[in-house]
1. So what is the relative contact order for the chain, in percent, with contacts set as C-alpha pairs under 8 Å and at least six apart?
2. If you average the sequence gap of Cα pairs under 8 Å that are 6 or more apart and divide by the length of the range 1-95, what percent do you get for the contact order?
3. In nm, to one decimal, how far is the residue 102 label point from the residue 125 one, both placed 7 Å along Cα→Cβ?
4. Quick one: compute the contact order of the range 134-260, relative version, from alpha carbon pairs under 8 angstrom and 6+ residues apart, as a percent.
5. How would you classify the range 98-237 from its alpha-carbon gyration tensor, with a ≥ b ≥ c the square roots of the eigenvalues: rounded for a/c under 1.5, else prolate if a/b is greater than b/c, otherwise oblate?
6. Net charge near residue 250: determine it from the other residues with C-beta under 13 Å of the C-beta of residue 250, scoring Lys and Arg +1 and Asp and Glu -1.
7. Want the number for residue 33 to residue 261: 0.36 nm per residue separation, take away the alpha-carbon distance, what's left?
8. Normalized C-alpha radius of gyration of the chain, against 2.2 N^0.38 Å?
Amino acid sequence: MLTLVTGGRGRIGAALTTLLHQGGHPVRAASRNPAELNPPPGVPAVTCDLDDPDTFPAALDGVDAVFLYANPAHIDAFLTAARTAGVRHIALLSSSSVLLPDPATNPIAAEHHAVERALIASPLTTTLLRPGEFATNAYQWSGAFRSGRPVGLPYPRSEGSPIHETDIAEAALAVLTEPALQGAAYHLTGPESLSAAAQVEILSGASGTPVTVEEMTPAAWQEAMSPFMPAHVTEGLLGYWAATDGRRAEVTDAVAALTGHPARTFAAWAAEHAAAFRR
């Protein structure tokens with residue numbers, strides 16, 4: 001069973017490629033620029049640009065399963081090429097945002113929702129991985145930590161259940177290699193609900209860097225983020241944080257069910273990545 005891993009430069013795609021290879025599963029790493037990939041020795045790197053359908057046939061040749069990032073631009077062409085190549089199973093890295101009301105119009109959920117709908121309508125076996133907040137989102141605060149500035153939060157009491165990227169990769173490994181787990185949807189979360197302010201406090205303790213939290217208005221935060229994020233994304237995030245302000249985030253046991261171990265804590269992630277938050 002040869003697996004094509006799209007998004008091979010990303011943390012999850014790279015980790016999954018390594019896990020598949022270590023487990024003796026044939027794997028092909030893919031990216032729009034394969035020269036930038038660094039897969040394990042013996043793992044081929046190929047071009048697969050989800051914005052360029054001309055790259056699909058060669059990347060999919062001989063492939064049985066695909067780990068797919070959610071890009072709706074040419075999803076119908078990708079599915080056509082996958083069926084032609086004989087692909088039998090696609091595991092999609094989706095998002096728990098599709099579980100929100102009206103995901104088709106939600107600025108965060110819309111792309112994931114569109115790809116999910118296309119996959120579900122296809123004859124291919126589809127497994128949906130729907131992680132919530134990534135622990136890696138905390139990197140957005142690293143600049144404030146290193147510079148000694150306060151961490152500005154528009155909704156410091158908004159809660160999430162941040163998930164370690166390794167848990168997502170291990171969950172993907174499970175569904176790609178265990179047929180009994182395929183064809184289902186999994187809401188992946190970390191093991192606990194934490195406010196944004198609590199996450200900052202955990203990072204401060206792990207890194208040994210004192211830091212304060214400064215509550216800012218949504219408008220001021222959006223203006224500060226405008227050079228880095230499009231307006232529809234910042235608006236979507238602000239809406240989500242407002243809806244979860246002071247509300248405990250959902251915690252599931254999907255990671256444990258798929259991997260056989262409890263989901264890693266945010267404190268564990270903070271300890272592993274503490275260097276990024278030190279002055």
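1. On the way: 561 pairs, mean separation 49.2, N = 279.
Averaging sequence separation for qualifying contacts and normalising by length gives 18 percent for the chain.
2. Working: 178 pairs, mean separation 25.8, N = 95.
Once normalised by length, the contact order is 27 percent.
3. 3.7
4. Values: 165 pairs, mean separation 53.3, N = 127.
Relative contact order here is 42 percent.
5. Working: a/c = 2.88, a/b = 1.62, b/c = 1.77.
Cα axes put the range 98-237 in the oblate bin.
6. Numbers: positive: 130, 247, 248; negative: 133, 159, 192, 253.
Net of charged neighbours comes to -1.
7. Values: separation 228, 0.36 × 228 = 82.08 nm, distance 3.44 nm.
Net length gain for the segment: 78.6 nm.
8. Values: Rg = 19.2 Å, N = 279, 2.2 N^0.38 = 18.7 Å.
Ratio of Cα Rg to 2.2 N^0.38 Å: 1.03.
The values are calculated or read from the model by the stated rules, or taken from the named source; none is laboratory data. Keep in mind that what you see is a predicted model, and the values were worked out from it rather than measured. Heads up, the Cβs are rebuilt from the backbone with ideal geometry, glycines too, and the neighbour counts pull from every protein chain shown. Side chains included, ligands, DNA and RNA excluded: accessible areas come from the protein's heavy atoms. Shrake-Rupley method; radii C 1.70, N 1.55, O 1.52, S 1.80 Å.
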